[in-house]
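Input: a single structure, listed below in structure tokens.
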Amino acid sequence: MAESNVDTATAVADNAKVNLMGMSQARLEAFFETLGEKKFRAVQVLKWIHQLGVTDFNEMTNLSKSLREKLVANAEVVAPEVIQQFDSKDGTRKFLIRVGGDNAIETVYIPDGERGTLCVSSQVGCSLDCSFCATGKQGFNRDLTAAEIIGQVWQAAKSFGQLQANGPRKITNVVMMGMGEPLLNFDNVVDAMNLMMHDHCYGFSKRRVTLSTSGVVPALDRLAAVTDVSLAISLHASNDEIRNQLVPINKKYPIAMLLDSAQRYIEAMPDSHRKMTIEYTLIDKLNDRPEHARELVRLLDGIPVKINLIPFNPFSLSNYKRVSEGALRRFQTILLDAGYTATVRTTRGDDIDAACGQLAGQVNDRTRRSERYKLDTNALLRSSDDTIPVRLVN
Ligand code: SAH
Ligand code: SF4
């Protein structure tokens with residue numbers, strides 16, 4: 001794995017201290033060896049950081065005093081800073097997180113009964129420019145470091161008091177469905193997901209960590225060798241003609257190629273019962289007709305899938321319209337009648353712009369940004385209920 005995976009931005013800013021926040025066990029072990037220390041220190045430190053939320057080496061009481069001093073001199077544990085937290089009346093919580101300069105990303109927590117799903121970002125913006133996605137419309141800025149990706153989980157878990165012995169297990173699932181295309185930030189995303197599943201960190205099972213991709217086939221072909229997370233494919237269309245319009249990367253890696261690659265990933269998993277999730281965003285009159293549903297039934301025949309229908313969430317830069325309730329139910333019924341599991345993703349956190357495809361954390365204009373922050377802070381102070389009805393980003 002490339003050395004650039006270390007959080008270099010932070011390291012340079014702070015006398016070349018190494019940030020341990022995003023380091024895998026293997027990288028931490030290598031780091032301790034360079035300090036002349038034993039490898040088992042890595043697991044001790046992983047526990048302090050990711051199970052107990054401790055960032056101050058002096059509080060890591062099972063490390064010797066001399067090791068703590070070495071760590072203070074050479075390393076640090078830094079998560080990206082939460083600029084603001086928004087709580088929706090439906091329990092959804094959105095974090096606006098600073099990742100340097102004018103850049104912010106968004107992380108969303110969605111409670112649903114016993115389950116609490118954290119939707120994590122992988123990049124600042126996205127280069128793939130899907131025509132129905134607010135993140136795509138803002139263009140690509142940069143990849144997040146592994147520290148910034150796992151740091152989102154760390155910050156969210158901390159906000160719920162989860163990072164302590166016997167803390168509440170509010171976050172039970174993680175989906176890489178925030179801003180960015182995770183497979184275009186391969187090494188950092190894999191490192192962060194493996195920390196999510198690490199027994200001495202967050203301990204999520206592989207069924208509860210899901211990578212969602214719009215279809216970067218060469219990277220998907222490499223994934224099974226390094227991780228066994230659950231897979232979601234952002235399909236959104238039943239044929240290449242429509243998908244080319246919605247997901248431009250389809251022109252390079254068309255549907256057949258993508259489904260083949262996804263199937264190889266699933267088949268490489270030791271657990272033979274696993275299914276991939278097919279995400280299908282329904283847009284009024286574009287991909288929501290009964291003939292599209294029937295075409296989808298034929299397309300997915302024989303592939304182990306469950307289908308998640310997502311009503312399109314409108315945003316200002318898009319002319320597409322949300323699917324009608326009637327078309328949504330007709331579409332779902334055709335899939336159900338054909339024997340597929342087909343669920344509808346309910347829109348959550350609408351009042352705080354936290355719904356799918358509404359994440360656009362990049363803030364371009366400093367002045368406008370600080371004005372908005374002031375407005376939002378005032379609104380926060382004024383707010384009498386648990387809803388913050390303000391729009392922070394475009
Ligand atoms: N880049 C990855 C992961 C982030 S997008 C991917 O494309 O899969 C996460 C999910 O939100 C994708 O299924 C995406 O298609 C969907 N999405 C994006 N914009 C949306 C919108 N406006 N309404 C509903 N879903 C949207
Ligand atoms: Fe990028 Fe996914 Fe949005 Fe497409 S849907 S622009 S791949 S974040």
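The values are calculated or read from the model by the stated rules, or taken from the named source; none is laboratory data. On a predicted model such as this, the values are computed, not experimentally measured, just so you know. Quick reminder, even Gly has a Cβ in these numbers, built from the backbone with ideal geometry, and neighbours come from all protein chains shown. Only protein heavy atoms, including side chains, enter the accessible area calculation; ligands, DNA and RNA are left aside. Shrake-Rupley method; radii C 1.70, N 1.55, O 1.52, S 1.80 Å.
Taking 7 Å steps out from each Cα toward its Cβ at E81 and T346 produces label points 3.7 nm apart.
Taking 20 Å as the cut-off for C-alpha to C-alpha distance, list the pairs among K158/K275; K89/K170; K47/K158; K251/K275; K252/K306 that go past it. Mind showing how you got there, number by number?
Working: K158/K275 32 Å; K89/K170 17 Å; K47/K158 14 Å; K251/K275 25 Å; K252/K306 25 Å.
Too far apart for the 20 Å limit: K158/K275; K251/K275; K252/K306.
Ignoring lysines fewer than eight residues from K137 along the same chain, the ones with Cα atoms less than 18 angstrom from its Cα are K321.
Can you tell me the orientation of helix 25-34 relative to the chain, as the angle in degrees between its alpha-carbon axis and the longest Cα principal axis, to the nearest 10? Relative to the chain, helix 25-34 is tipped by roughly 20 degrees.
Calculated on C-alpha atoms, the gyration radius of the chain divided by its Kirkwood radius gives an Rg/Rh of 0.98.
Relative to the longest principal axis of the Cα atoms of the chain, helix 290-299 runs at roughly 60 degrees.
Close amide H contacts of A342 (hydrogens built in the peptide plane, cut-off under 5 Å, sequence separation of 5 or more or a different chain): I307.
Note on K158 and K252: the model spin-label points, each 7 Å out from Cα along the C-beta direction, lie 3.6 nm apart.
Rank these by accessible area, largest first, 1.4 Å probe: D191, D350. Could the numbers behind the result be given before it?
Working: D191 10, D350 85 Å².
Order by accessible area, largest first: D350, D191.
To the nearest Å, what is the center-to-center distance of segment 164-184 and segment 191-264, using C-alpha atoms only? Each part's Cα centre sits 16 Å from the other's.
For A73 and L52, calculate 0.36 nm times their separation in residues minus their Cα-Cα distance, and state this gained length in nm to one decimal. Mind showing how you got there, number by number?
Working: separation 21, 0.36 × 21 = 7.56 nm, distance 2.19 nm.
Gain on stretching A73 to L52: 5.4 nm.
Distance between the pseudo-spin-label points of R115 and R207 (7 Å out from Cα toward the beta carbon): 1.1 nm.
Working out 0.36 nm times the residue gap between A338 and D221, then minus their Cα-Cα distance, what length gain in nm do you get to one decimal?
Working: separation 117, 0.36 × 117 = 42.12 nm, distance 2.93 nm.
That pair, A338 and D221, stretches by 39.2 nm at full extension.
May I ask you to rank Y202, Y253 by accessible area, largest first, using a 1.4 Å probe over the protein chains only?
Details: Y202 20, Y253 40 Å².
Ranked from most to least accessible, the order is Y253, Y202.
Express in nm, to one decimal, how much length is gained between D271 and K285 on full extension, taking 0.36 nm for each residue of separation and deducting their alpha carbon distance.
Working: separation 14, 0.36 × 14 = 5.04 nm, distance 3.85 nm.
Roughly 1.2 nm would be gained on extension.
How many percent of Cα pairs in segment 107-211 exceed 18 Å?
Values: 2498 of 5460 pairs.
Taking all Cα-Cα pairs of segment 107-211, the fraction more than 18 Å apart is 46 percent.
Quick check for you: with a 1.4 Å probe and neighbouring chains kept, what is the accessible area per residue of the chain, in Å²? Walk me through the numbers before you get to the answer.
Working: 16960 Å² over 394 residues.
That works out to 43 Å² for each residue.
When you count the other C-beta atoms within 10 angstrom of each residue and take the mean per peptide, 22-33, 208-219 line up highest first as 208-219, 22-33. Sorting R298, R98, R169 by solvent-accessible area of protein heavy atoms yields R298, R169, R98, largest first, with a 1.4 Å probe.
About the Cα centre of the chain, how large is the charge dipole given +1 on each Lys and Arg Cβ and -1 on each Asp and Glu Cβ? Please answer in debye to the nearest 20. Don't skip to the answer; put the middle values down first.
Values: 47 positive and 47 negative charges, 79 e Å.
With Lys and Arg at +1 and Asp and Glu at -1, about 380 debye.
Computing the accessible area with a 1.4 Å probe over protein heavy atoms, can you report the carbon and sulfur percentage for the chain? Using a 1.4 Å probe with all protein chains present, the chain comes out at 49 percent carbon and sulfur. Shape of segment 226-301 from the C-alpha gyration tensor: prolate (a/c of 1.5 or more and a/b above b/c, with a ≥ b ≥ c the square roots of its eigenvalues).
Take every Cα pair under 8 Å whose residues are at least 6 apart in sequence, average their separation, divide by the length of segment 9-76, and the relative contact order is 34 percent.
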